[in-house]
Amino acid sequence: MPTVRWPEEGLEIEVPIGTDLRTAGKLAHAQQGDACGGKCACSTCHVYVLAGRELLAEADEDEEDTLDKGFDVRANSRLACQAKVAREGLVTLSISRESRESFYNEHADEAPPGWREARPAK
Ligand code: FES
């Protein structure tokens, strides 16, 4: 089975082909936000694909449009809820700041103390 890894979190999980990265993140307990519940409407599941981008199904127009509304979007950005693992191999991810902050908003009990105050000024 394909493997999805979050090296900064020390997390890794094997998932069946066809699994989206939001589901993989939930199974691995990664701190990825998903404010819209995976409906491609919020960009809070924004992740950076560090390796294995070629193992993912191509982004469709809806994903690209929603990703355009995200923060700090890069060439390797994907929406975890839309990006499905399509081939065997290792996909390595980094969680975007907006996704992690969304996760903390949704799971205050897992947020480090003072994380709101520690954010750099915009
Ligand atoms: S969870 Fe909202 S766009 Fe992915």
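The values are calculated or read from the model by the stated rules, or taken from the named source; none is laboratory data. Values in this document were obtained by computation on a predicted structure and should not be read as measured data. Note that we place each Cβ from the backbone using ideal geometry, even for glycine, and neighbour counts take in every protein chain shown.
In table form, for the structure just shown:
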{"quantity": "Among the residues listed as L67, L50, L90, L55, the single one being in contact with a His (Cβ under 9 Å, 6 or more places away or on another chain) and either charged (D, E, K, R) or modelled with pLDDT of 95 or more (or both)", "calculated": "L67"}
{"quantity": "Residues of segment 71-105 that turn out to be among the hydrophobic types (A, V, I, L, M, F, W, C) and farther than 21 Å from E61 by Cα, as a count", "calculated": "5"}
{"quantity": "Any chance E106 is modelled with pLDDT of 95 or more, surrounded by 12 or more Cβ atoms within 10 Å (Cβ to Cβ) and acidic (D, E)", "calculated": "no"}
{"quantity": "Checking L27 against (1) over 15 Å from S94 (Cβ atoms); (2) touching a strand residue (DSSP E or B) at 6+ places or on another chain (Cβ under 6 Å); (3) surrounded by 17 or more Cβ atoms within 10 Å (Cβ to Cβ), the condition it does not meet", "calculated": "(3)"}
{"quantity": "Enumeration of residues in segment 71-97 that are over 10 Å from the mean Cα position of the chain (by Cα) and in contact (Cβ under 8 Å) with a residue 60 or more places away in the chain", "calculated": "K84, V85, A86, R87, E88, G89, L90, V91, T92"}
{"quantity": "Residues within segment 13-51 that are within 14 Å of the ligand (Cβ to nearest atom), acidic (D, E) and either within 15 Å of F103 (Cβ to Cβ) or without any contact (Cβ under 8 Å) to a residue 60 or more places away in the chain (or both), tallied", "calculated": "1"}
{"quantity": "Filtered residues of segment 41-56 (kept if surrounded by 15 or more Cβ atoms within 10 Å (Cβ to Cβ) and in a loop (DSSP other than H, G, I, E, B))", "calculated": "C42, S43, T44, C45, G52"}
{"quantity": "Tally of residues being assigned to a loop (DSSP other than H, G, I, E, B) and within 12 Å of the ligand (Cβ to nearest atom) across segment 69-92", "calculated": "6"}
{"quantity": "Number of the exception - E8 against (1) under 11 Å from the mean Cα position of the chain (by Cα); (2) part of a loop (DSSP other than H, G, I, E, B); (3) charged (D, E, K, R)", "calculated": "(1)"}
